[in-house]
Number of protein chains: 4
Amino acid sequence: MARVGIYGATGYTGYELIKLLVRHPQVEIGFATARSAVGKRLSDIFPTLIDTPLVAVEEANLQDVDLIFTCLPHNTPDLIPLVQQALEAGKRVIDFSDTFRLHDADDYERRRGKPHPAPELLSAAVYGLPELHRTAIREARLVANTGCYPLTAILPLWPLVQADLFTDRTVIVDSKSGVSGAGRSLSLKTHFGETHETFSAYNVGRVHRHLGEMEQETGLHIIFSPHLLPVYRGILSTIYVTLKPGTSPEMVHEAYNVFRDEPFITVLPTGHFPELRHVQQTMDFILGFQPVEIEAGRMIIVSALDNLLKGASGQAVQCMNLMLGIEETAGLK
Amino acid sequence: MARVGIYGATGYTGYELIKLLVRHPQVEIGFATARSAVGKRLSDIFPTLIDTPLVAVEEANLQDVDLIFTCLPHNTPDLIPLVQQALEAGKRVIDFSDTFRLHDADDYERRRGKPHPAPELLSAAVYGLPELHRTAIREARLVANTGCYPLTAILPLWPLVQADLFTDRTVIVDSKSGVSGAGRSLSLKTHFGETHETFSAYNVGRVHRHLGEMEQETGLHIIFSPHLLPVYRGILSTIYVTLKPGTSPEMVHEAYNVFRDEPFITVLPTGHFPELRHVQQTMDFILGFQPVEIEAGRMIIVSALDNLLKGASGQAVQCMNLMLGIEETAGLK
Amino acid sequence: MARVGIYGATGYTGYELIKLLVRHPQVEIGFATARSAVGKRLSDIFPTLIDTPLVAVEEANLQDVDLIFTCLPHNTPDLIPLVQQALEAGKRVIDFSDTFRLHDADDYERRRGKPHPAPELLSAAVYGLPELHRTAIREARLVANTGCYPLTAILPLWPLVQADLFTDRTVIVDSKSGVSGAGRSLSLKTHFGETHETFSAYNVGRVHRHLGEMEQETGLHIIFSPHLLPVYRGILSTIYVTLKPGTSPEMVHEAYNVFRDEPFITVLPTGHFPELRHVQQTMDFILGFQPVEIEAGRMIIVSALDNLLKGASGQAVQCMNLMLGIEETAGLK
Amino acid sequence: MARVGIYGATGYTGYELIKLLVRHPQVEIGFATARSAVGKRLSDIFPTLIDTPLVAVEEANLQDVDLIFTCLPHNTPDLIPLVQQALEAGKRVIDFSDTFRLHDADDYERRRGKPHPAPELLSAAVYGLPELHRTAIREARLVANTGCYPLTAILPLWPLVQADLFTDRTVIVDSKSGVSGAGRSLSLKTHFGETHETFSAYNVGRVHRHLGEMEQETGLHIIFSPHLLPVYRGILSTIYVTLKPGTSPEMVHEAYNVFRDEPFITVLPTGHFPELRHVQQTMDFILGFQPVEIEAGRMIIVSALDNLLKGASGQAVQCMNLMLGIEETAGLK
């Protein structure tokens, strides 16, 4: 029985992670930390019967675990020391932030406007997307768990890049996300009265912090517009590509054939599309496509996932399984 | 006091129309027909204090009114005879269906796969978009009320066409509509359990019945993906255009200057976008834009309207005001 | 491996039942019928990966199964012959309708205003509430699966009756149900536009068809007001009782102690209440209570369940497990 | 043209108030204060075209206005000095908090557990319910605007008390409120993820701060359970009363006849009930009732209002109209 620790158990991703881990047949939770809820139990914070005690970061016993998850808010100053300390203690780390997702410190600095806080860790980190980097994840000391938005673009686009089907390398990704993507922190953006019965775009164009991951993993040039849905879970992205003239649906299915043995990816028949409810509360990543004008190579792809599972905590468990040599789908079916 | 008649008062658009007309200072309702509710009053069908009696089509007294609205479902066989009869009686007509929106019978046949049922009416009809065809609407005998989706594309794109700003004439329109767009008929698509807490794409590509209007009015080539939001009212469209290299925000604002005196159109400052709640229950059409890569001419436009008001019944009242020589905004502020 | 058949697989309860059965470790589906979807597979109707074929009633092979579920709409004329035929063939039956829930044909006739269609079956049927009738269910040939609303009243009230705590035997039950309680049939009541962002009462007073079950099982006199929530799953009932003067919280907890070994019932500490999200998608029945004026015996109880699981299909599986001699919670945890 | 000032313009009630006042034909806004938004305009805070500037409390020029509205959070320490200062300057005051709603300082202290902060003001204040206290409001210097929950109980119950129809003076009020009742402050209770697709009870029994108003105005003994709906606007209350045996629907309608000239109250025919959507965005208060057992005097009443309009800001404008000698419904139709 492997043992794991969780730093940051009371955000949405930490909570989802714990829900998966308590049911996992081959893993036990060694500790779970929570800044504002020390001394409480997880069931005091969330409506759940899961009775995990919450401790302060200082009380977490690193020696007691094999692997840690860091589920802290983006830009927490504590993150780098926590990760360094764990790695030095010989523990493996899966980090949920966007700190270690880009391989290149220069790329990071150019996109963020400030130097990377720990470039030496950056070069060691593996991007935690099993469908693309399964072998590297197995051996990794530090895995950067994927962003939820980027996944909806990377998984449908990467096979088409591999199959060399692109002519125009500029791709439009129009994404629509449920509110849980914004986390559990209080903000007007997640206030019921500001979100319910409305719909809006934000960070339109090329300014979203997750753009870097998409471009790194696909090598494409992405125009990205995220939108906020009055729905709790799930992201659906509508993707507009221009492929080589004459690219047929069969050629596209042939490219997606690289996913044929993937346990969590479903490619629908031509002209069928996923809906959010097909993926909510599941690990399933579903994509469908429709050629628009074959002679012009125009195609529309629709992809969908549950942002808290395949887009965050479930993805982290999939990586953990690989790292610990456990069956990849354990605790996820 | 002008008098008007409504054919088809118990669909969502007919109901919204009546709500506007009963408050209109210069118009009275002569009759309102309803196939399935003859002998009832509107207040028996809708939760309202509006006490309009409902009569059968045969009981409607055409002589009693100056203008009629036909708010019948698309493809109702009764429509053509009703419109012909009214025109022959010297009455003016505003039709809510998509029967008379295309000018060209060949274009209609090519897009629909069947001949137009009354080509002689088609050539006389005016597309009911005051911002583009105000003068023609004033004189028109037959006005084809605009579709709700098309408006979200035509109004933002037409000024850019007028200003000759396009290079690539292919435009991507990613639209998200509330459920009321599907009307009040019962279907699984509008069942709470199939719509609530989910999100989906439908009719993706170049197959939607409203594509023709968009292309006719703008002269552009449109890739259009509609989506269904778990929201009642409103449409928000995210539009991706490629303009001439170097097109600046100022040049775009200059183009939109044609709307400066329009009573219902608001162009936001660069980088600001409308949300659905800004337009719900109003006649306002709001648009905003963001240049993405100025050197490449890439720009994203977001537009929003209330599909039942500016997108349907309010638009019809605006046209009626023009046709009757009344102040254009009467009953709409 | 026991084998079961389902009549009526395409309503919400039939669908939920099949989702439970395909994951059940000790049961296999022999057949699933669907009037309007013969020749299709369940995955053609519902967004699911469950690939059960759907057959006509006539094609269902009764000999192939040990037990059948009848998930037909209330008042289907086919029901009685189907049940009789199955019983005569020595098969056991769990029926989802409200046909067999009252023990007494006279009570049925008085409440429904018409004679019971098969009084001889009525007297043999067992009310399918394991917490009250576990032993009888084990042996039953015909089980009447419980109504969802009644459960929210019966389970909190029955222990207080057993403990002889009532003075005033009139009890007020104010219930609020999600839309899925109305089934998958199309009606304006379940149309998104008529349900979303609103709230209403219906069948107020003593007229609801489910009142008989509540009164039969508790022996109390119930005033019942159901309401429709803009939520998909779950029922929450607020119950107002007048107990013997001086009844303390301890005495109430003592009464609820009869549920201490029940796998699916949770009684919260005094002053704590369930929320719908605590029970959605689960078999949990949660109740909490608050004394209001102890000297006057006034108390408020709040109970909640998922109407499709503990309130319908999960309950049926719990009964099936008892009837087949399987572990009671198999397939339900 | 009368002039008014608003203290606290950026909460939901302040915002709704301003929306009403800018359209009011006989009133102008002199100033609007906002602690956290000084120097901004209202349109910077809310999605609106209303361009009211926001000033600090110190900048508000009391001399410039005839009447002030205080829309501050409950228990703001600034409230008492602000009110005293305005009254001393000869200005009239409508306060939105629950500070001045009870007439009796002892009652206040007993219910709140602390002495009233300004008993001398308490005795001068008039409870701002026009239907009960129209004459007193006309003359009042200080009006305590009513609570939203209390109104849903007081208006249906008071006529029955006047008509002496009660035997059992204990009444059960089961209320369901939209989220806007909790205001615009950020709290987990109004976080989309904690409110959406769920339903819960809170402050059950006799502990809610609004109980005092209900009991003061009706003289009845109220058992009150508020619940939180996943809806934005509106409160619907289901009220259970025991009247004199044999009380007929006609006798109840006779009692409600006191409201026959009220501009904002509708009493539905026996057996009809309001829904939230009937009252949302309106000043209408709608009630319906259903006798349950006439011989036992049991009756169920359902009432509904928009908590931000008739339940708060619209009610304040109705009081203002009375105080300023303007037509009572001005700006409210």
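Data overview
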read-out: Pick from the range D:59-74, criterion of a type in the set (Asp, Glu) and either without any contact (Cβ under 8 Å) to a residue 12 or more places away in the chain or farther than 16 Å from D:Gly8 by Cα (or both), ranking: surrounded by the fewest Cβ atoms within 10 Å (Cβ to Cβ); value: D:Asp64
read-out: Residue that is farthest from the chain's Cα centre (by Cα) [pool: residues in the range D:82-101 that are more than 17 Å from D:Arg112 (Cβ to Cβ) and of a type in the set (Val, Ile, Thr)]; value: D:Val83
read-out: Condition check for A:Arg92: touching a Lys or Arg at 6+ places or on another chain (Cβ under 8 Å), open to solvent by less than 70 Å² (accessible area, probe 1.4 Å), in contact (Cβ under 8 Å) with a residue 60 or more places away in the chain and under 12 Å from A:Cys319 (Cβ atoms); value: yes
read-out: Contacts under 6 angstrom Cβ, first residue in the range C:318-333 being in contact (Cβ under 8 Å) with a residue 40 or more places away in the chain and under 13 Å from C:Pro263 (Cβ atoms), partner open to solvent by 30 Å² or more (accessible area, probe 1.4 Å) and outside any loop (DSSP other than H, G, I, E, B), 6 or more apart; value: C:Leu322/C:Arg138
read-out: Residue in the range B:253-265 that is on the phi > 0 side of the Ramachandran plot, more than 14 Å from chain A (Cβ to nearest Cβ) and touching a helix residue (DSSP H, G or I) at 6+ places or on another chain (Cβ under 8 Å) present; value: no
read-out: Test for B:Pro77: is it within 24 Å of the chain's Cα centre (by Cα), in contact (Cβ under 8 Å) with a residue 24 or more places away in the chain and assigned to a loop (DSSP other than H, G, I, E, B); value: no
read-out: Filter result for B:Val83 (aliphatic (A, V, I, L, M), part of a strand (DSSP E or B) and not assigned by TED's automatic domain parsing to the domain that holds B:Val252); value: no
read-out: All positions within the range D:1-32 that are in contact with a Leu (Cβ under 7 Å, 6 or more places away or on another chain), open to solvent by 30 Å² or more (accessible area, probe 1.4 Å) and at pLDDT 90 or above; value: D:Ile29
read-out: Meets criteria (open to solvent by 10 Å² or more (accessible area, probe 1.4 Å) and away from every other protein chain (no Cβ under 11 Å)) for B:Pro249; value: yes
read-out: Any chance B:His221 is of a type outside the set (D, E, K, R) and surrounded by fewer than 21 Cβ atoms within 10 Å (Cβ to Cβ); value: yes
read-out: Hey, B:Pro226 at the interface with chain A (Cβ under 8 Å from one of its Cβ atoms) and either open to solvent by less than 10 Å² (accessible area, probe 1.4 Å) or touching a strand residue (DSSP E or B) at 6+ places or on another chain (Cβ under 6 Å) (or both) or not; value: no
read-out: Filtered residue count, the range C:1-30, keeping only those that are more than 22 Å from C:Met283 (Cβ to Cβ) and either within 14 Å of chain A (Cβ to nearest Cβ) or over 23 Å from the mean Cα position of the chain (by Cα) (or both); value: 2
read-out: Spans of strands (runs of 3 or more DSSP E) in the range A:96-214 with at least 3 residues open to solvent by 50 Å² or more (accessible area, probe 1.4 Å) and under 28 Å from A:Thr270 (Cα atoms); value: A:166-177
read-out: D:Leu268 vs. criteria surrounded by 23 or more Cβ atoms within 10 Å (Cβ to Cβ) and on the phi < 0 side of the Ramachandran plot; value: no
read-out: Candidate set: the range D:197-232, residues that are free of Cβ contacts under 8 Å to residues at least 24 places away in the same chain and more than 18 Å from the chain's Cα centre (by Cα); chosen: the one nearest to C:His227 (Cα to Cα); value: D:Val204
read-out: Yes/no for B:Glu275 being among the acidic types (Asp, Glu), touching a Ser or Thr at 6+ places or on another chain (Cβ under 8 Å) and within 14 Å of chain A (Cβ to nearest Cβ); value: yes
read-out: Residue within the range A:229-236 that is open to solvent by less than 20 Å² (accessible area, probe 1.4 Å), of a type in the set (Gly, Ala, Ser), facing chain B (nearest Cβ under 8 Å) and within 26 Å of A:His116 (Cα to Cα) present; value: no
read-out: Criterion: over 20 Å from the mean Cα position of the chain (by Cα), at pLDDT below 95 and either assigned by TED's automatic domain parsing to the domain that holds C:Pro156 or open to solvent by 10 Å² or more (accessible area, probe 1.4 Å) (or both) - qualifying residue of C:Ile294, C:Ile300; value: C:Ile294
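Matching residues to (1) touching a Cys at 6+ places or on another chain (Cβ under 8 Å); (2) aromatic (Phe, Trp, Tyr); (3) on the phi < 0 side of the Ramachandran plot:
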position	(1), (2), (3)
A:Glu88	no, no, yes
A:Arg92	no, no, yes
A:Leu102	no, no, yes
A:Gly113	no, no, no
A:Ile137	yes, no, yes
A:Asn145	yes, no, yes
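Condition check ((1) more than 9 Å from chain B (Cβ to nearest Cβ); (2) of a type outside the set (Phe, Trp, Tyr); (3) more than 30 Å from A:Thr135 (Cβ to Cβ)) across all residues:
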| site | (1), (2), (3) |
| --- | --- |
| A:Ile239 | yes, yes, no |
| A:Pro245 | yes, yes, yes |
| A:Thr270 | yes, yes, yes |
| A:Ile286 | yes, yes, no |
| A:Gln290 | no, yes, yes |
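The values are calculated or read from the model by the stated rules, or taken from the named source; none is laboratory data. Worth saying up front: this structure is predicted, and the values here are computed from it rather than measured. With ideal geometry, Cβ positions are generated from the backbone for all residues, glycine too; neighbour counts draw on all protein chains shown. For the accessible areas, the whole protein counts, side chains as well, though only heavy atoms, and no ligand, DNA or RNA atoms are used. Shrake-Rupley method; radii C 1.70, N 1.55, O 1.52, S 1.80 Å.
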